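The values are calculated or read from the model by the stated rules, or taken from the named source; none is laboratory data. Because the structure is a prediction, the values reported are computed rather than measured. Cβ placement follows ideal geometry from the backbone for every residue including glycine, while neighbour counts extend to all protein chains displayed. When the accessible area is computed, the model is the full protein with side chains, heavy atoms only, and any ligands, DNA or RNA have been set aside. Shrake-Rupley method; radii C 1.70, N 1.55, O 1.52, S 1.80 Å.
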Amino acid sequence: MNAPVIGIVGSGGAYGRWLRGFFQTRMGLQVIGHDPVDPDSHTPEQLLQDADVLLFSAPIRLTPGLIGEYVRQSGGRERGRLWLDVTSIKGAPVAAMLESQASVAGLHPMTAPPKAPTLKGRVMVVCEARLEARWQTWLDALCAALQAECVRATPEHHDRVMALVQAMVHATHLAQASVLRSYAPLLGDLQALMPYRSAAFELDAAVIARILSLNPLIYEDIQFDNPHTAEMLGRLLEQLQRLRDLVGEGGEQARAAFRQQFLHDNRQAIDAATLRDGNYSFERIGYLLADLTEQRSMSVHLPQDRAGSLRELLHVFERHGVSLASIHSSRTPAGELHFRIGFEQSYRPEVLAAAAREIDSSGIGRVLTGQ
């Protein structure tokens, strides 16, 4: 099983396409796939016949039933093979796969398909349900190749945690979006509020924009298909109603109750190190947001991924007498790694333009944007 054939059910979806590229380019594996949106894709029968690893990458609500169809069509031929899924809910898909005779594990990358070639810097939850020794070894190799921070959990524990980590976060931000929309006739839309932003508001606005920009069916299924969401929403509503009642009541007694319940008790429930680290993370994000507001900046792509490329780029600015105010790496919408470089406002535009021309003409990098 050093080079198993990978079969992807849902190969035409966003994650299916990303996974195909990953298995082919990073692991050198043959990939076949089926997707109703791709008439040229393989048939389910071809996947069952030829795939050593069958991976389900389909909408959450459809995945358990889809797995059941493959179990019935396979008729035991899956014995000795590995079945995986990558949905955001683990209980029902893993239970459906366990009706087969294959080795079974549920995977949940805690990110939309990244622009990067791996999941480096991201978390992936791994639910190992039934694994032969050889597939355990291969799954460990897969996790290493993905470069994700892998967390092991049971499907039940995963779904309970996701009610907080995903469903609660999405629900609160969607509720915020609705409140903002209700105030828009009076105060303006979200863009009109941004000049008044705090770092916390800017982060919340970014999360709202992220949710509303991606596939709405994913967020719908995370709310409706996790069996623990309703309980979480009930607890969240209780806390918001309690806060509303205290604010409505007013007075020193209500303020004291607020300080006790929402500040003191919650602070005591989190250990000091976690509070310290979280507060520092927020400060770092604030610094990053401040850097990104610099009006004079340049984005540069370094096509040669080799040691010394960044040093050569910095030497260009040194030769032109330009000092950097900030430098951050990120990826373009096309997935290219680039560096966003901020400058002091005092530099004349022609000085930065000359540096940009040298970067382009020398072949060190390619200037993507500049202002």
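Couple of notes before you dig in:
- Take the Kirkwood radius over Cα pairs of segment 50-195, plug it into Stokes-Einstein at 20 °C and 1.002 mPa s, and you get 125 µm²/s for translational diffusion.
- If you take the alpha carbon atoms of segment 130-212 and fit the smallest convex hull around them, that volume is 125 Å³ per residue.
- Among beta bridges from DSSP that stay inside the chain, the antiparallel ones total about 50%.
- Most to least packed among 3-11, 275-283 [average Cβ atoms within 10 Å]: 3-11, 275-283
- Among 89-100, 174-185, the peptide with the highest mean count of other Cβ atoms within 10 Å heads the list, and the full ranking is 89-100, 174-185.
- In segment 211-263, the C-alpha radius of gyration followed by the widest Cα-Cα span (Dmax) gives 16.3, 46 angstrom.
- The relative contact order of the chain, computed from alpha carbon pairs under 8 Å that lie at least 6 residues apart in sequence, is 10 percent.
- Considered as an equivalent ellipsoid built on the Cα gyration tensor, segment 2-135 has semi-axes of 20, 17, 15 Å, the largest given first.
- Sequence-ordered 3J(HN,Hα) estimates for segment 174-189 from the Karplus curve with 6.51, -1.76 and 1.60 and θ = phi - 60° stand at 5, 5, 4, 4, 5, 5, 4, 5, 5, 8, 4, x, 8, 10, x, 6 Hz, glycine and proline given as x.
- Centre separation in Å (Cα based) which lies between segment 53-73 and segment 233-264: 45 Å
- Accessible surface for the chain, divided over its residues, is 56 Å² per residue with a 1.4 Å probe.
- Residue-level accessible surface for His264, protein heavy atoms, 1.4 Å, Å²: 70 Å²
- When nucleic acids and ligands are ignored and a 1.4 Å probe is applied, Cys150 ends up with an accessible area of around 40 Å².
- Restricted to Cα atoms, segment 232-356 shows a radius of gyration and a Dmax of 23.9, 65 angstrom.
- Beta-bridge orientation, segment 106-190: approximately 50 percent antiparallel, per DSSP, counting only bridges with both partners inside.
- For segment 342-359, 3J(HN,Hα) computed residue by residue from phi via the Karplus equation (6.51, -1.76, 1.60; θ = phi - 60°) reads x, 10, 5, 5, 6, 6, 6, x, 5, 5, 5, 5, 5, 4, 5, 5, 5, 4 Hz, glycine and proline entered as x.
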